[in-house]
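Notes for the one structure printed next.
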Amino acid sequence: MTFAGIVGHTRQIAVLRRAVASGRLHHAYLLVGPEGVGKRRVAEALAMAAMCERPADGEGCGACGSCRRFLSGNHPDLVAVAPPEPGDDGPRTAATRKRRTIKVDDIHAVRALTRFAPSEGRRRAILIDDAEDLGEAAAGALLKILEEPPAGTLFLLVTGRPMALLPTIHSRCQSVHFGPLADADVAEVVARALGPGEETAAWASGIAGGSPGRVLAMDLGELAEARRRLISGLARLDGQGTVAAFAFAEEILALPLDLPDACALLVSFYRDAAVHRTTGGTGRLLHADLAGEIAAVAARLSMDRLRRDVAAVDRVVAGQRHNQNRQLAVEGLALELAGPAPNAS
Ligand SMILES: [Zn+2]
């Protein structure tokens, strides 16, 4: 993994490359930002560059012995620490993840290792992913190491929840903050991951919220099917009142999606409908393959009404953050979206 192969985060990467190139790497970095935006990849590129025998312009050369071992995945001086993998209880997604803690024994093992020089290169890298999952004892043990940083060792802590880390660990690390990726960058990452000829990348980027990792962790076949059901339900809503609204609500509740993801899809349909209205159907749609359904929504709703409906969806998303009852929220939303369109023009 090289910096050059990473999409987005150019400012953060430039800072880190300068630090490598000038030989002024801090001994510990805390990479902070939303889940699934590529923090771990940046940490890996930094580790590779830091251990490279002939870094060029702050980037690992990819050809020296150290880089080759790094890229083959068995560099003896790269130590990855993370919470234990889930067993039979399913994939580790944002919704289903169970908090697991990094064991204090793992940190003690790191400490023991840092008493020796790196086995080959200039430096050893300790990569701690999901650092928010450090248990109390493990965090204390890590803090002790960071207070007297061992020579030749680079600590890279990656976290999506910095507030869960001890402030004393923060203060021992150089923080690098990452934001969500732009939609175009998300589409590029998703397209690279899915391979050529995959139209999913375009619309999936629209609901990723800047996090390609979030979309790639979903079952994309299931997501595509849910998308078709949702748009046809939306296209059928035509001021038909309560019966149609409750049917639509039932459909939303039956989708194999978290409610915020279903809402993100709805908003992306309205976005497309707005583009359709303002460009007369010639603008670029996220859901280009569903242009017929998008046109039906666009024909029914004025721009004012589109804005109102998006605001209604946004309110549901906000309500979910406060544990609002899911069914009531969806039924209320469907009634609002199905309501007559007085402003239609
Ligand atoms: Zn190299």
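The values are calculated or read from the model by the stated rules, or taken from the named source; none is laboratory data. Given the structure is predicted, the values throughout are model-derived calculations rather than measurements. With ideal geometry, Cβ positions are generated from the backbone for all residues, glycine too; neighbour counts draw on all protein chains shown.
Taken together, the criteria place residue 56 among residues that are over 27 Å from residue 148 (Cα atoms), of a type in the set (A, V, I, L, M, F, W, C) and surrounded by fewer than 20 Cβ atoms within 10 Å (Cβ to Cβ). Could you please find all residues in the stretch 194-243 being among the polar types (S, T, N, Q), part of a helix (DSSP H, G or I) and within 17 Å of residue 263 (Cα to Cα)? Those that are among the polar types (S, T, N, Q), part of a helix (DSSP H, G or I) and within 17 Å of residue 263 (Cα to Cα): 205, 232.
Conditions (1) at pLDDT below 90; (2) in contact with an Asp or Glu (Cβ under 7 Å, 6 or more places away or on another chain); (3) not polar (S, T, N, Q), marked per residue:
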site	(1), (2), (3)
129	no, no, yes
132	no, no, yes
167	no, no, yes
170	no, no, yes
185	no, no, yes
189	no, no, yes
195	yes, no, yes
200	yes, no, no
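Contact annotation: no residue pair with Cβ atoms under 8 Å, 6 or more positions apart or on different chains, pairs a residue in the stretch 8-37 that is without any contact (Cβ under 8 Å) to a residue 40 or more places away in the chain with a partner that is exposed (fewer than 15 other Cβ atoms within 10 Å of the Cβ) and in a strand (DSSP E or B). Set side by side, the residues 184, 193 differ, and just one is farther than 30 Å from residue 83 by Cα and surrounded by fewer than 16 Cβ atoms within 10 Å (Cβ to Cβ), which is 184.
Among the residues of the stretch 245-255, at least one is in a loop (DSSP other than H, G, I, E, B) and surrounded by 14 or more Cβ atoms within 10 Å (Cβ to Cβ). Flag: residue 23 matches the condition of being surrounded by fewer than 20 Cβ atoms within 10 Å (Cβ to Cβ) and within 16 Å of the ligand (Cβ to nearest atom).
Within the stretch 28-71, the residues that satisfy the criterion of being assigned to a loop (DSSP other than H, G, I, E, B), more than 24 Å from the chain's Cα centre (by Cα) and more than 10 Å from the ligand (Cβ to nearest atom) are 57, 58.
Pick from the stretch 293-305 the residues that are surrounded by fewer than 21 Cβ atoms within 10 Å (Cβ to Cβ) and touching a residue at least 24 places away in the same chain (Cβ under 8 Å): which of them is nearest to residue 201 (Cα to Cα)? So the residue we want is 296.
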